[in-house]
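I have placed the structure first, in the form of structure tokens, so that the comments after it can refer back to it.
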Amino acid sequence: MQNLSFFDRLILWVKRAESPLPRALKKTLQFIVQPTVFRLPRLLAGPLRAAYEFHYIVISVCRTVVTLLYWAPLFQARCASIGRNVRLDGHMPYVDGHVQIHVGDGVVFGGNVSIASGRMLDEPRLIIGDRVGIGWGTRITVSREVIIEDDVWLPYDCSISDTDGHPRQADRRIAKLPPDPEDIRPVRICKKAWIGNGAHIMKGVTIGEGAIIGAGSVVISNIPPYALAMGNPAEVILKNFGLPSTAKGKTPVE
């Protein structure tokens, strides 16, 4: 205690609450940080419910106005090409670097989506097909090429990268040198694939048509079409999984 400052001793005195005064102070601080909800008379439920809905209607209207007049025009100007009926459900995607972005029709971007490119190659490209959903918090790193084909679903917190972002050799990493161009390998997610929440798609990977990647998986190798893969590293658990209903009776996918 002798080496503690006055404020550290005060904090410890309140936390230990060994007498009535610090116990009262601790309860007061707990109420301020985590206030207890007061129970209200049921007569107020109707008016307050209306106020609750009105609160979020106002927020939605304001967000729509900002999206149409500010975020959407700015993001459209940043893209090399952009299709029709593109939606921004949150803030416009954050783009860092010189990546060329091509967006198809009917693409939906969630909030806090980030797109970054490295300095190694001159023309990195991100190609997003039609009707792709890119969920909240998704991060895409493009140093050569990332292709997301039509009807792919990327829920929240996914990560896609065509590079490790640093060299393999320890001395080159310490010297903060860029990775070798040979270590930058394109990523392709084929049409109708479904990537689970929090999945990581690493460099050089191709995910086949209609494949499903389990939540939290780390994909370091190719996944065949219509396969269920999960784990770290991801492994194929089931083949011929999630085939379209029109494929019944046809030869299974190998």
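The values are calculated or read from the model by the stated rules, or taken from the named source; none is laboratory data. None of these values were measured; they are calculated from a predicted model. Cβ: placed from backbone, ideal geometry, glycine included. Neighbour counts: every protein chain shown.
Would you check if there is a residue in region 150-172 being touching an Asp or Glu at 6+ places or on another chain (Cβ under 8 Å), more than 19 Å from His200 (Cβ to Cβ) and modelled with pLDDT of 95 or more? Yes: region 150-172 contains one or more residues that are touching an Asp or Glu at 6+ places or on another chain (Cβ under 8 Å), more than 19 Å from His200 (Cβ to Cβ) and modelled with pLDDT of 95 or more. In summary, Gly129 fulfils each of the numbered conditions (1) modelled with pLDDT under 95; (2) over 30 Å from Leu177 (Cα atoms); (3) not acidic (Asp, Glu) with the single exception of condition (1). Using the structure shown, decide if Asp122 is assigned to a loop (DSSP other than H, G, I, E, B), under 23 Å from Gly216 (Cβ atoms) and not polar (S, T, N, Q). Judged against the criteria, Asp122 is not a match. Only one entry of Val253, Val205 meets the criterion of being crowded, with 16+ Cβ neighbours inside 10 Å and at pLDDT below 95, and that entry is Val253. On the given criteria, is Asn112 on the phi > 0 side of the Ramachandran plot, within 19 Å of the chain's Cα centre (by Cα) and free of Cβ contacts under 8 Å to residues at least 60 places away in the same chain? Spelling it out, Asn112 is indeed on the phi > 0 side of the Ramachandran plot, within 19 Å of the chain's Cα centre (by Cα) and free of Cβ contacts under 8 Å to residues at least 60 places away in the same chain.
Specify the residue that is surrounded by the most Cβ atoms within 10 Å (Cβ to Cβ); the eligible residues are those in region 117-126 that are modelled with pLDDT under 95 and among the aliphatic types (A, V, I, L, M). Among those that are modelled with pLDDT under 95 and among the aliphatic types (A, V, I, L, M), it is Leu121. Filter region 173-202 down to the residues that are at pLDDT below 95 and hydrophobic (A, V, I, L, M, F, W, C) and list them by number. Within region 173-202, Ile174, Ala175, Leu177, Ile184 meet the criteria. For Thr141, the stated conditions do not hold, so it cannot be described as at negative phi, crowded, with 21+ Cβ neighbours inside 10 Å and not in a strand (DSSP E or B). Taken over region 97-114, the criterion of being at pLDDT 95 or above and either surrounded by fewer than 21 Cβ atoms within 10 Å (Cβ to Cβ) or touching a Gly at 6+ places or on another chain (Cβ under 8 Å) (or both) is satisfied by Gln100, His102, Val103, Gly104, Asp105, Gly106, Val107, Val108, Phe109, Val113, Ser114. Listed by position, the helices (runs of 4 or more DSSP H) contained in region 1-84 that have at least 1 residues being at pLDDT 90 or above and under 28 Å from the mean Cα position of the chain (by Cα) are 45-66, 72-78.
Answer yes or no: is there a residue in region 164-186 that is surrounded by 17 or more Cβ atoms within 10 Å (Cβ to Cβ), under 22 Å from Gly104 (Cβ atoms) and within 19 Å of the chain's Cα centre (by Cα). For region 164-186, residues surrounded by 17 or more Cβ atoms within 10 Å (Cβ to Cβ), under 22 Å from Gly104 (Cβ atoms) and within 19 Å of the chain's Cα centre (by Cα): absent.
Scanning region 85-110 for residues that are assigned to a strand (DSSP E or B) and in contact with a Lys or Arg (Cβ under 6 Å, 6 or more places away or on another chain) turns up Val95, Gln100, Val108.
Set side by side, the residues Ser81, Ser60, Ser19, Ser114 differ, and just one is touching a Phe, Trp or Tyr at 6+ places or on another chain (Cβ under 6 Å) and among the small types (Gly, Ala, Ser), which is Ser114. For Pro224, indicate whether it is surrounded by fewer than 20 Cβ atoms within 10 Å (Cβ to Cβ) and over 30 Å from Gly90 (Cα atoms). Yes.
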